[in-house]
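A short worksheet on the structure shown next.
The values are calculated or read from the model by the stated rules, or taken from the named source; none is laboratory data. A quick note: this is a predicted structure, and the numbers were derived from the prediction, not measured. Every residue, glycine as well, gets a Cβ built from its backbone with ideal geometry; the counts of neighbours run over all protein chains shown. SASA here: full protein model, heavy atoms, side chains in, ligands and nucleic acids out. Shrake-Rupley method; radii C 1.70, N 1.55, O 1.52, S 1.80 Å.
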Amino acid sequence: MLMQSALLALGATAVAALQPLEVKGQDFVNPKTGNRFQIVGMAYQPGGSAGYDPKKKRDPLSDPDVCMRDAALLQILGVNAIRVYNLNPDLNHDECVSIFNAAGMYMLLDVNSPMPGEALTSFEVYKSYYASYLNRTFAVVEAFKDYPNTLAFFSGNEVIDKEETTEFVPSYVRAVTRDLKNYIKNWSDRKIPVGYSAADVREVLWDSFSYFTCSLQGDKDDMSMGDLFALNSYSWCGDSSFTESSFDKLVEGFENTPVPVFFSEFGCNTPSPRIFTEIGSIYGPDMYDVFAGGIVYEYTQEPNNYGLVNMTEEGPATLMSDFYSLRDQYAKLDFKKLQSLKPKSSTPKPVSCSPKLITVDGFQNNFTLPVLPPGAKEMIDNGIENKPKAGKLVEIKDWKVKYEVRNADGTVIKDLAVKPLADDEVNAPGSNTANLSAGSGSSGSSGSQGSTNGGDGDDKENSAAGHGVGGGVLALVMGVAALVAAF
């Protein structure tokens, strides 16, 4: 029995893992180090909406060879988190998730998709809130809750995008947040934060923030209150500044937030190519006391022209000038200092929900939430039927990239591979030092732009506004041997 227990312990720790993060007030916190975690993220949806194809059993985290290529390139950039918009909970994601985990990257996951019946709608939202829709969101939770690098779930993305959508949508988004949190509470071994990703429409932004982060009856454990609030903002364009971009107004508006706030998308593409001068403010004293980082939009080049890497259906991947510009901006940061910041000693408590919080005429000021649709309570209480297979980290034996990747000047990048980081090590610039050319003077935008655009996070127009097998395994094997010998 002792031998069996020891071997089970060996199997449980054979694959190293990132430390699951927690929310403490305004911050994401690593409970092991006690340090704040700043998101240095990338929107990752290769192929746009076409990258999510249930009929072909394909989504962004289903092809390990593609994930290996992309994780290596993102590791070189210094990215420590990816946002994935459209996922099929019925596919096996173990290898891809294990690759990104090994590369030191967390995942922020949308539970919705652009397919009919798989998202709340802005128009007649009440018609999109029903049991089979919730079943799909719960299935995403089931598929990803056991991965240690799952950082958060988004209950909605830009469902409120103009004043006309504010009359009924807020209560339904908050209801989905409630339902997801209750499901996670019942069926996950750990608390995983849930929140909303908002459009930066200033006319309704502050009321959206107030609506989703206030607490019903002042209850700090209110299950409908968001655990985070995220913002898709494109107001810093070109060589702008903290004040010219109005980022200073965002800091002022979110200063007393009771939950982590971060950019779930940023990176205005007018003018193009981008120079990413906002990086210094987002991760510097201008903003890091209020914002928990941000996610650059986006990794692959699509027709909307936000990409860092140009993909073709059958040809090589080519780095674009935006890739080098972003890499160079990240390289200016002191990541060791940035990720060593301590959580704030005190955080404002959530305010009680009240119609007085709402300032815009027509914005919903009623905090009575929709009741669960028929059949949903049973799913939350008993778990969904036909659950996806629980995800788990698996051993990856070959870290080399199989696909050809070229610099913007056409030269082929040699010996590209993911570098498995040590247990609990988060990616940062310098973790992977693959040799890239400077890339200056070329946009890298020639050739096919690949697949079509669409889906959550993929409808932007040009904007002017060793986590593999760890070294500790050998020590554990020796420890098991010694233990067995002792008996």
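State yes or no: is LYS389 modelled with pLDDT of 95 or more and open to solvent by 60 Å² or more (accessible area, probe 1.4 Å)? Criteria not met by LYS389.
Please determine whether any residue of region 265-276 is part of a strand (DSSP E or B), open to solvent by less than 10 Å² (accessible area, probe 1.4 Å), at pLDDT 95 or above and touching a Phe, Trp or Tyr at 6+ places or on another chain (Cβ under 6 Å). Lay out the reasoning, then the answer.
Going through region 265-276, the residues part of a strand (DSSP E or B) turn out to be 265-266.
When the remaining residues are screened for being open to solvent by less than 10 Å² (accessible area, probe 1.4 Å), the result is 265-266.
Going one step further and asking which of them are at pLDDT 95 or above, we end up with 265-266.
Retained after the next criterion (residues that are touching a Phe, Trp or Tyr at 6+ places or on another chain (Cβ under 6 Å)): 265.
Within region 265-276 (the criterion being part of a strand (DSSP E or B), open to solvent by less than 10 Å² (accessible area, probe 1.4 Å), at pLDDT 95 or above and touching a Phe, Trp or Tyr at 6+ places or on another chain (Cβ under 6 Å)), the answer is yes, since at least one residue qualifies.
Name the strands (runs of 3 or more DSSP E) wholly inside region 61-165 in which the number of residues that are in contact with a helix residue (DSSP H, G or I) (Cβ under 7 Å, 6 or more places away or on another chain) and either within 23 Å of PHE209 (Cα to Cα) or among the polar types (S, T, N, Q) (or both) is 3 or more. Lay out the reasoning, then the answer.
Values: elements: 81-84, 106-110, 150-157.
Those strands (runs of 3 or more DSSP E) span 150-157.
Taking the criterion of being open to solvent by less than 20 Å² (accessible area, probe 1.4 Å) and not hydrophobic (A, V, I, L, M, F, W, C), the residues of region 241-257 that qualify are SER245, THR257. Inspection of region 302-314 identifies at least one residue that is modelled with pLDDT under 95 and hydroxyl-bearing (Ser, Thr, Tyr). Residues of region 105-127 that are touching a Ser or Thr at 6+ places or on another chain (Cβ under 8 Å) and open to solvent by 10 Å² or more (accessible area, probe 1.4 Å): PRO114, GLY117, ALA119, LEU120, THR121, SER122, PHE123, LYS127.
Quick check on this structure: which one of ALA422, ALA434 is open to solvent by less than 30 Å² (accessible area, probe 1.4 Å), part of a loop (DSSP other than H, G, I, E, B), among the small types (Gly, Ala, Ser) and at pLDDT 50 or above?
Working: ALA422 fails: open to solvent by less than 30 Å² (accessible area, probe 1.4 Å).
Only one candidate passes the filter, namely ALA434.
Listed by first and then second residue, the pairs with beta-carbon distance under 7 Å, at least 6 apart or on different chains, first residue in region 204-222 and assigned to a helix (DSSP H, G or I) and of a type in the set (D, E, K, R), second crowded, with 18+ Cβ neighbours inside 10 Å and modelled with pLDDT of 95 or more, are ASP207/ILE358; ASP207/PHE363. Just to be sure I understand, how many residues within region 16-36 are within 12 Å of ASP423 (Cα to Cα) and open to solvent by less than 30 Å² (accessible area, probe 1.4 Å)? The qualifying residues number 3. For region 392-418, give me each residue that is surrounded by 11 or more Cβ atoms within 10 Å (Cβ to Cβ) and more than 17 Å from ILE99 (Cβ to Cβ). Correct list: GLU404, ARG406, ASN407, ALA408, ASP409, GLY410, THR411, ILE413. Considering ASN382, ASN365, the condition of being modelled with pLDDT of 95 or more, surrounded by fewer than 14 Cβ atoms within 10 Å (Cβ to Cβ) and out of contact with any Phe, Trp or Tyr (no Cβ under 8 Å at 6 or more places or on another chain) is satisfied by ASN382 alone. In this structure, SER321 does not qualify as among the hydroxyl-bearing types (Ser, Thr, Tyr) and either closer than 30 Å to PRO31 by Cβ or out of contact with any Gly (no Cβ under 8 Å at 6 or more places or on another chain) (or both). Does region 292-319 hold any residues that are open to solvent by 10 Å² or more (accessible area, probe 1.4 Å) and out of contact with any Lys or Arg (no Cβ under 6 Å at 6 or more places or on another chain), and which are they? Listed by number, the residues that qualify are PRO303, ASN305, MET311, THR312, GLU313, GLU314, GLY315.
Sub-6 Å Cβ pairs linking a first residue in region 102-128 that is among the hydroxyl-bearing types (Ser, Thr, Tyr) to a second residue that is assigned to a strand (DSSP E or B) and surrounded by 23 or more Cβ atoms within 10 Å (Cβ to Cβ), at least 6 apart or interchain, are TYR106/ALA81; TYR106/LEU151, ordered by first then second residue.
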